[in-house]
Structures are given as structure tokens and as C-alpha cells.
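Every number in this text was worked out from the coordinates using simple rules, so none of it is lab data. Every value quoted in this text rests on a predicted model; they were computed, and no experiment measured them. Cβ placement follows ideal geometry from the backbone for every residue including glycine, while neighbour counts extend to all protein chains displayed.
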Amino acid sequence: MTPQPLLMKPNSIKTRFAYGFLRALNSLNKNKPSSPSSPKVIFRRCRMIKLAADASMASAVGSRRAWSRAVLCKIRCQRALAMRGRIRSGGFRRRSGAGKGFGVGQTDGLRKLVPGGGAMDLCCLLDETAHYIKCLTTQVQVMRNIVDICST
């Protein structure tokens with residue numbers, strides 16, 4: 001399968017995300033550890049890549065959306081705590097609602113999935129959820145394009 005060229009509008013969310021994410025990946029690559037064979041090192045790099053993708057998407061969207069403001073705020077708080085040495089590295093925490101389907105409390109499920117969803121009314125929550133899903137889809141498309149281009 002031949003990868004399709006990245007034909008993007010210069011000021012679209014997709015373009016802003018792609019440039020921000022590639023910049024973050026480049027800086028992560030500069031700080032690459034010498035021996036990435038340890039599972040702990042691999043897990044840490046995966047988390048850093050996920051954080052870079054989330055931060056890039058939230059930055060590309062800007063402060064127009066509540067979910068992007070919540071993501072950016074969470075990242076800033078984590079960095080501040082890490083600077084103070086209060087964040088413990090490693091460890092995998094499972095969500096308490098993992099594996100449960102949406103039943104009577106469907107909005108509660110959405111509130112847990114959408115960043116910042118806990119403080120939204122139903123109408124705003126549905127609008128933010130739709131936009132968040134659209135942005136996650138865009139994120140996946142751009143990341144697939146990056147992989148396709150890098151693997152050829």
C-alpha cells in the first residue's frame with residue numbers, strides 16, 4: 001500500500017496537531033535513553049508519547065473547547081508536581097469503571113471519558129464529546145500517516 005501524501009490545509013487542526021506532535025517526538029528522540037530494552041523504560045516512553053499526542057491535540061484546538069482546557073490544565077499541573085518531585089513514576093492504575101457498559105448513568109460514563117466533563121451540563125457535554133471524538137479520529141489519522149511515511 002502506497003502512503004498518500006499529507007495534503008493538509010495550512011491552518012487546520014490537523015496541520016497544527018501534526019507539526020506540534022512531530023516537534024514533541026523530535027525532542028523526545030533527542031532525549032532517547034541508551035538502552036531502551038527495560039520494560040520500565042519502554043512503558044515510560046509510551047506514556048511520554050501519549051502525553052505529547054494529547055498535549056499537541058489540545059494545543060492545536062486551543063482554549064475554545066472545555067476538554068482541551070482540561071487536558072492542558074492537567075498537563076501543567078502534572079509538570080508542576082513533577083518539578084517539585086511529588087509525582088511517583090511508574091505504576092499502572094486501572095479505571096474503576098473499566099469493563100462496565102453504559103446503563104442508567106450514560107451521562108456519568110461520558111463525564112468520565114471526556115476531559116473536563118464533570119463540570120458540564122448535558123447539552124455542553126454532548127457537544128464536547130462529539131468534538132473530542134472528532135479530534136481523536138484526526139489524531140489517529142495523522143499518526144497513521146506519520147507511520148506510513150516513516151516506514152517507507
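Summary table
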{"quantity": "Linear extension gain, ASN29 paired with GLN106, 0.36 nm per residue minus alpha-carbon span", "calculated": "23.7 nm"}
{"quantity": "Computed FRET value (nearest 0.05) for ALA119 with SER37, which takes r as the C-beta separation and R₀ as 41 Å", "calculated": "0.45"}
{"quantity": "Using a Förster distance of 22 Å, the FRET efficiency for ARG76-ARG44 (Cβ separation, nearest 0.05)", "calculated": "0.65"}
{"quantity": "Sequence-distant aspartates and glutamates (8 or more away, or on other chains) whose Cα lies within less than 14 Å of LYS134", "calculated": "ASP54"}
{"quantity": "Under Karplus coefficients 6.51, -1.76 and 1.60, residue-wise ³J(HN,Hα) of the stretch 64-74 in Hz, glycine/proline x", "calculated": "5, 10, 5, 5, 6, 4, 5, 5, 5, 5, 4"}
{"quantity": "Order by protection proxy (mean Cβ within 10 Å, highest first), peptides 68-75, 10-17, 143-150", "calculated": "68-75, 10-17, 143-150"}
{"quantity": "Estimated inter-spin distance, LYS9 and ARG69, nm [label 7 Å along Cα→Cβ]", "calculated": "2.4 nm"}
